[in-house]
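Structure record follows, encoded as structure tokens.
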Amino acid sequence: MANILAVDDETAILTMIQKILSRDGHQVTVVSDSQMLEAVQLEQFDLILLDIMMPGKDGFTVCKEIRGKTDCPILFLTAKTQEQSLVYGLQTGADDYICKPFGANELRARIGAHLRREHREHYVRLSVPNAQFNLSSKELTVNGTVMQLTPAEYEICEFLARSKGQVFSREQIYENVFGYDGESNDSTIITHIKNIRIKLEQAEYSPIKTVWGIGYKWEV
């Protein structure tokens with residue numbers, strides 16, 4: 001089972017999360033004040049749940065600060081449904097988000113999907129023209145340079161590269177990468193791919209092509 005950190009200023013939310021996830025055997029640490037994270041060893045956690053609207057430092061600021069200290073999945077807990085806010089959240093380094101209010105089954109499904117993705121065992125390399133995936137360390141190297149991708153960005157690249165030339169819809173990418181069987185959110189995949197493109201283009205590499213009206217494919 002996993003070691004999970006939940007950060008939210010609402011104690012009722014933290015109590016609910018702790019109760020739900022503890023039943024599944026997870027070890028859950030709760031923090032109600034983002035300022036207290038300075039004393040927390042972030043590298044011990046397998047996944048972090050992070051509220052956006054908190055007094056003092058908001059979740060966006062906290063995510064930026066901790067992303068450099070841990071590469072585990074970070075999921076926002078948010079009542080904000082405006083696309084611009086959610087897009088910005090993913091750009092700060094988060095992998096996904098769960099909109100409040102959420103049910104126990106949705107919380108379990110989202111967390112379970114991200115943990116399964118993180119705990120898959122890889123031992124080989126995947127080579128494509130001008131790039132190589134280290135499936136053990138989850139690193140993408142382009143023209144000799146290791147790309148600084150978030151875990152979600154890496155997994156999207158690996159998924160598309162494994163089936164290069166094949167077109168996938170946003171929903172198919174979300175379900176295959178995150179494994180969540182519920183309704184996928186288009187803005188999550190759109191934003192991740194936008195960020196991926198920006199990073200890869202810095203290495204003069206543009207393998208992800210848009211097939212208008214359908215989705216995306218990996219093609220060099």
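Quick rundown of the values:
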quantity	calculated
Answer residue from region 1-37, given it is charged (D, E, K, R) and in contact (Cβ under 8 Å) with a residue 40 or more places away in the chain and is surrounded by the most Cβ atoms within 10 Å (Cβ to Cβ) among those	D8
Residue list for region 40-97, restricted to those being touching a Phe, Trp or Tyr at 6+ places or on another chain (Cβ under 7 Å) and aliphatic (A, V, I, L, M)	L50, I52, L75, L86, A94
Checking I156 against (1) hydrophobic (A, V, I, L, M, F, W, C); (2) touching a strand residue (DSSP E or B) at 6+ places or on another chain (Cβ under 9 Å); (3) not assigned by TED's automatic domain parsing to the domain that holds E204, the condition it does not meet	(3)
Leading residue by the ranking (modelled with the lowest pLDDT) among those in region 68-108 that are surrounded by fewer than 18 Cβ atoms within 10 Å (Cβ to Cβ) and either of a type in the set (D, E) or in contact with a Gly (Cβ under 7 Å, 6 or more places away or on another chain) (or both)	E83
Scope region 38-47; condition in a loop (DSSP other than H, G, I, E, B) and either loosely packed, with under 15 Cβ neighbours inside 10 Å or polar (S, T, N, Q) (or both); matching residues	Q41
Residue pairs meeting the criteria (Cβ under 7 Å; at least 6 apart or on separate chains; first on the phi > 0 side of the Ramachandran plot, in region 77-95; second aliphatic (A, V, I, L, M) and at pLDDT 70 or above)	G93/I74
Verdict on V40 being closer than 28 Å to S137 by Cβ and modelled with pLDDT under 90	yes
Any hit, region 48-56, residues being surrounded by fewer than 20 Cβ atoms within 10 Å (Cβ to Cβ), in a helix (DSSP H, G or I) and not small (G, A, S)	no
Total residues in region 19-36, condition assigned to a helix (DSSP H, G or I), within 18 Å of N105 (Cα to Cα) and either at pLDDT 95 or above or not polar (S, T, N, Q) (or both)	4
Conditions (1) outside the structural domain of D8 (by TED's automatic domain parsing); (2) within 14 Å of the chain's Cα centre (by Cα); (3) surrounded by fewer than 21 Cβ atoms within 10 Å (Cβ to Cβ): number failed by F178	(3)
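The values are calculated or read from the model by the stated rules, or taken from the named source; none is laboratory data. Just so it is clear, the structure is predicted and the values come from calculations on it, not from any experiment. No Cβ is skipped: glycine too gets one built from the backbone with ideal geometry, and neighbour counts run over all protein chains shown.
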